[in-house]
1. Count, please, the residues in region 1-47 that happen to be part of a helix (DSSP H, G or I), among the hydrophobic types (A, V, I, L, M, F, W, C) and within 17 Å of the chain's Cα centre (by Cα).
2. Can you tell me which residue among A25, A71 is at pLDDT below 70, among the small types (G, A, S) and either loosely packed, with under 10 Cβ neighbours inside 10 Å or out of contact with any helix residue (DSSP H, G or I) (no Cβ under 6 Å at 6 or more places or on another chain) (or both)?
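The values are calculated or read from the model by the stated rules, or taken from the named source; none is laboratory data. Source: prediction; values computed, not measured. Cβ coordinates were reconstructed from backbone atoms using ideal geometry, including for glycine residues, and neighbour counts include every protein chain displayed.
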Amino acid sequence: MSKLNKTRLSKISAIILLIQLTGCASLGVQPWERDLLAKDAMALDSEGIDLGLDDHIYFSKEATSGGRAFAGGGCGCN
């Protein structure tokens, strides 16, 4: 490779790297979106019927009750 090709390749590589680094800069919750996420309907436990069904499913599968917020199950393998 000639010196010109190496410098061109390094410039292109630097540009691609900068584009990749700035690609995720706009991820996250913006301040004006936080009011929507703070509503009661957005909570994971907002529906009582769904919670009852989830508890029934977890009890049927794991032979345990509660512990919905923790990882693992009733087998004691974690």
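1. Residues meeting the conditions: 2.
2. Residue meeting the stated conditions: A71.
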